[in-house]
Each structure stands twice: as structure tokens, then as C-alpha cells.
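Notes follow the structure.
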Amino acid sequence: MAALKLLFSTARSHSRFRPSPFLRSFSSESYQPLKPQPISIEPVSYAPKPKPAQHSSPDPDPAPAPEQTDTTPKVGSGDSGQAALTREEARFVKEGPSITPVSYQPRVAPLPEDKVVVGGGFAGKEEEELEREKQRMEQSKRRAFRAAETVAVPFPTFIKVAKKERKPILDLVDAIRQVKAAAKCNFDETVEAHVQLGIDAKRNAVRGNMTLPHGTGKVVRVAFFAEGADADEARAAGADIVGGVDLVEEIASSRKLNVDKCFATNEMVIRLAKIARILRERGLMPDRKLGTVTNDIVGALHKVRQGHIEYKMDRTSIVHVGLGKASFTEEYIRENVGAFMSSLLLAKPTGLKKSSKYAGYINSFHICSTMGSSFPVSIQSLSKAADSYNKMHLKS
């Protein structure tokens, strides 16, 4: 292309200064036009470019490529006159020799089993180094576990939880003897009874009061809310604290009341609303159902001195009550238990009538001392104790 451009530019320059036919007639005969000198054109060759990727839909009428003089030396089949191409150059030759791919075997580290044994040992330096490294590792293991002793660990098994043996159910008299023997503290322990009832605490409530035939053995401090003549009568009957409105104001201000029982007359119970919360927290609020709101001052105080108790079922359907002291005789404790069972049967809800007085009502009965262990009591012995109490004390 460069040679053609040079040729055309030279032709234009000569035609620009060529005289016209009109001037040629007036020119001298010695005028001669300039003749173009021939220019030698050398052919230029370029290395063939790689073909672009062919599309799926090729052009139906491709334009014919211009013929070019291929001056690239051809790869011969071994002739000495032709130059050989390198692998990089042969990649761009259209009709060059096929390049076969070269594959190499994968290099894998040999295992000790694959080594050739020569003279009782592995052949070569690598084998010797492997053998030395193996010996070093074995020696280090021996040093690490030299002090440790191999202990044979048995196969893991489930550990069975040791169940507590249930105590045998005793007769009432035998249980009282066990309780008296277990009371070894330096004070006179209280004999307690714990009764598990078969009643839903959300639907029914069991509560009552009674007087034990032999008392509780405890000195009871009594407070009586009364005024005027009732207050004088309460002091004469042996009440520890007696007062009216002034006693109510004192308790409301100090929030203290060191007594075990509270009584009130019918006139004073209305004025206890100011300290009702304080008394309920301590379980001392007078109640008509429990017999602590009464005008019979002498009779109420006499019952308390004899051993009047109150009981109530808690949220877990259990009744806890004290029935005497460990210093009582076995007969006294047995009669107190019989009196309690008789009162508990009277407090039985009406909807639990069964074939037996105890079926579905009393599930278990345990007796114990304050610091001693408990012992279960049979229902048959409790029934006998309640029947004997009814025959002796409730004859009519």
C-alpha cells in the first residue's frame, strides 16, 4: 500500500506541471516533457494472524481474502534445507504439523512397603532417613507413656439409682415407741402428726378445732380483746394480755404481738379491722368458726389451758398438728391421736362418701418428734384409737 501511494503522488506532481496543448503550439521545438522514472516496488509480507472464533451461523457469502505471498518458512518433514519451527511459532501456522500433548507420570511418594530391600535394610538415603525418623517417634512415645500405667476401662454402663427402702407401716403403739426412742434432744420435743389427704386443695378445704384430752404440754400465751366488765373477767380467768381500743392502737403502731392465741368478744371483733392484716400474717385473727370470737370468756380460756388446738389443710393437702410432748406416756399420746382422728373425720367434706370412712380421704399418716425421723402408721390402728376415744369421752 505504501508503494502505491508513492506512485500516485508522483503522477500527480508530473501532471501538474505538464503544459497544455495550447501552450505546446507556442512553445519552442526544444521543449520536451519530463518522463517519470520507474520506481522499484519491493513486496512486503506480514506474519499470518490467528483466525477469530467462528460463530455458529457463518456468513453465507464470505468475501475472498486477498492473496498474500507467504514468505514464512515451511516446516519440513525432516529436510535439512527447510528451517524448523519452535512450538510457540508453530501454534500460529495454519497448516503446521500436529502437536502431540506431552504427559508425565504423576510423582507419588513411595511407601515403605514399595521399597526395595537390599541387605536387610531400605535402599538409598531417603529410606534410611525414614527408618531413623520412625525410630525417633517410637522412642518419644515410650518416654511420654513410660510413667503412665495402662488401665483397663470397662464398657460404660448405666448407674442404677439406689432407691430408698420404704419403711414398714407400723401399729400406732409401735410407732409411738419409735418416736419416743428417736427424741434425743436436750429439750422436750413435740410429737407431731402429718396427714396426707386425698382431697384437691383448690376445690375443698379441711379445717377444724378440738381439745386434746391430755393437752399439748405447751404453755400458751393468750390475748383477749375486751372492754369494761369483759376485760376484768378475762384478767380474772388468766388471760396474759387484755385490752380494747388502746391495745389495737398499740399493735398497729408497733406491729408486735407476742402471744400464741387471740380471743375477742362480739363487740370488739368489729374494731379489729385496723390490725386484721397483722393478725392474719401470724395466724392469730379471731374467727367464729374456730371458737375464738365468743362472750364465754371463762370457758374459752379453760379450753385453751386444757389443750385446745386448731388445724387446717395446706396447699399440698397435708394437715400438720402437734399432739403432745415426747415426755408424755404412750397411753396419753395414743388418746390424743385418737381424739385428733375423730375430729378429722368430722371435718370430712360431704362429697367424699365412700364405703369406708378413710377410703379416698386419708392416704397416709406419719408421726414423728420435732427433730426425729417419721414413721408411717397403719389406718387400722388409727381407726381403733378413734373408736376407743369416742367410747370413753363421747358417751351420751
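Bear in mind these aren't lab numbers, they're just calculated from the coordinates by the rules spelled out. Note that the coordinates shown come from a computational prediction; the quantities given were computed from them, not determined experimentally. Cβ: placed from backbone, ideal geometry, glycine included. Neighbour counts: every protein chain shown.
Each label point was placed 7 Å from the Cα along the Cα-to-Cβ direction; for N204 and I41 their separation is 13.1 nm. Summing charges over neighbours of N266, with a neighbour being any other residue whose Cβ is under 15 Å away from its Cβ, gives -3 when K and R count +1 and D and E count -1. Treating r as the C-beta distance of N363 and V108 and R0 as 56 Å, the FRET efficiency rounds to 0.10.
For the pair R288 and A273, label points projected 7 Å from Cα toward Cβ lie 1.6 nm apart. Classify region 163-211 from the C-alpha gyration tensor, please: rounded if a/c falls under 1.5, else prolate or oblate depending on whether a/b exceeds b/c. Verdict is oblate for region 163-211. When each of K202, K167 is scored by the number of other beta-carbon atoms lying within 10 Å, the sequence from fewest to most is K202, K167.
For region 219-305, rounded, prolate or oblate, judged on the Cα gyration tensor with a ≥ b ≥ c (square roots of eigenvalues), a/c < 1.5 rounded, else prolate if a/b > b/c?
Rounded, since a/c falls under 1.5.
Using a/c under 1.5 as the rounded threshold, could you call region 299-396 rounded, prolate or oblate? The axes a ≥ b ≥ c are square roots of the C-alpha gyration tensor eigenvalues, and prolate needs a/b larger than b/c, oblate otherwise. Since a/c stays below 1.5, the shape of region 299-396 is classed as rounded.
Quick one: order I159, I241 by neighbouring beta-carbon count within 10 Å, fewest to most. Listing I159, I241 from fewest to most nearby Cβ atoms yields I159, I241. Exposure proxy for F187, F365: other Cβ atoms within 10 Å of each Cβ, ordered fewest to most, give F187, F365. Here the calculated FRET efficiency for K391 and D260, from their Cβ-Cβ distance with R0 = 35 Å, stands at 0.65, rounded to the nearest 0.05.
Other residues lying with their Cβ under 10 Å from the Cβ of A326 contribute a combined charge of +1, Lys and Arg counting +1, Asp and Glu -1. Potential lengthening of the chain between I159 and Q196 amounts to 10.1 nm, from the contour at 0.36 nm per residue minus the alpha-carbon distance.
Taking 0.36 nm per residue of separation and subtracting the Cα-Cα distance, what length does fully extending Q135 through E89 add? Don't skip to the answer; put the middle values down first.
On the way: separation 46, 0.36 × 46 = 16.56 nm, distance 5.53 nm.
My answer for the length gained is 11.0 nm.
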